[in-house]
Amino acid sequence: MLHIHHLTKEYAPKQGLYDINLTIEMPSCTILTGACGSGKSLLLRLIGNLERPNSGTIHYAQKQSVNNIAFMMQETHMQLLGSSVLEELNLFSILAGKSPEEVDYRTQRAIELFQLHAILKQHPLSLSGGQKRQVLLAGLSTQDASLFLLDEPFANLDDSSIRQVRQSIEILLSAGKTILIATHEIEKILTLSTHLIILKHGRLCYQTTCSSLTEAKKVPWSQYNLRDPFLPSWQW
Ligand SMILES: Nc1ncnc2c1ncn2[C@@H]1O[C@H](COP(=O)(O)OP(=O)(O)OP(=O)(O)O)[C@@H](O)[C@H]1O
């Protein structure tokens, strides 16, 4: 479990995050949503230790530390450093200090799991948005992380790319990983999710389970300036 107590990050006079209390069960797949500027990305950065809070604490579960957390930024290209997909995958284990044999083993396992054989020689930056995220999640999966923080993984993707990202998330969930997804595109991930958290003006204002979708249908979406994910898209 991940326990967050009274987490506050001030950006006065701008809005930050205020007194967030939250428990993330592990394994689980949690949607973190809210209108633009509500604090979704900031909360992910605090959990991923990319920023320090002004006050409050984050307790990671036993055997879990901030080193076991994988972070996928919205700007995927900033995390892709290799000159080919194969090199990209290798880099994750090389930078983690693994032996050449271990690097090869981990990379091959990720290639199999995420079915990346056909694109191994391609430059990561030449890939589609969905493939870039697929490669990044495959690479991150080689790092023994148990918690994955994904910032807007569906931003600017077409339908086929959305399917690729969903498949990658399904692979991680099947491997028992915990995933926290900051997104306002709830409908694209709702059926894979177990929990839902809504932020408004930097405060946690709603949380529910959503594995059966029954609870998610009760959410007063418009109250949080969110589109109802159960409405057909033409009504948005
Ligand atoms: N580095 C920073 N410097 C100053 N203020 C910041 C910084 N990071 C976040 N904030 C403040 O925190 C608020 C929440 O930002 P955040 O990016 O987390 O929102 P969000 O919910 O992810 O929005 P979006 O959906 O538009 O990405 C911002 O409105 C801003 O006021």
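The alpha carbon convex hull volume per residue for the chain rounds to 127 Å³. Taking the Cα centre of segment 143-236 as origin and assigning +1 to Lys and Arg Cβ atoms and -1 to Asp and Glu Cβ atoms, the resulting dipole is close to 320 debye.
With 18 Å as the limit, write out which pairs from Lys9/Lys200; Lys9/Lys188; Lys40/Lys132 have Cα-Cα distances beyond it, or answer none. Long pairs (Cα-Cα over 18 Å): Lys9/Lys188; Lys40/Lys132. Could you derive backbone 3J(HN,Hα) for segment 14-19 from the dihedral phi with the Karplus parameters 6.51, -1.76 and 1.60 (θ = phi - 60°), listing whole Hz in sequence and x where the residue is Gly or Pro? These are the phi-based 3J(HN,Hα) values: 6, 6, x, 10, 10, 6 Hz. In plain terms, the bigger the Kirkwood radius, the slower the diffusion; for segment 22-112, with that radius from Cα pairs, at 25 °C and 0.890 mPa s, Stokes-Einstein puts D at 154 µm²/s. The order of Glu10, Glu185, going from fewest to most other C-beta atoms within 10 Å of their C-beta, is Glu10, Glu185. For the chain, a simple Cβ point-charge model (Lys and Arg +1, Asp and Glu -1, everything else neutral) yields a dipole of about 420 debye relative to the Cα centre. With the biggest extent put first, the Cα atoms of segment 65-122 measure 31, 28, 20 Å across the principal axes.
None of the figures in this text is laboratory data; all of them are computed from the coordinates on show. Keep in mind the model is a prediction, meaning the values are calculated, not measured. Cβ: placed from backbone, ideal geometry, glycine included. Neighbour counts: every protein chain shown.
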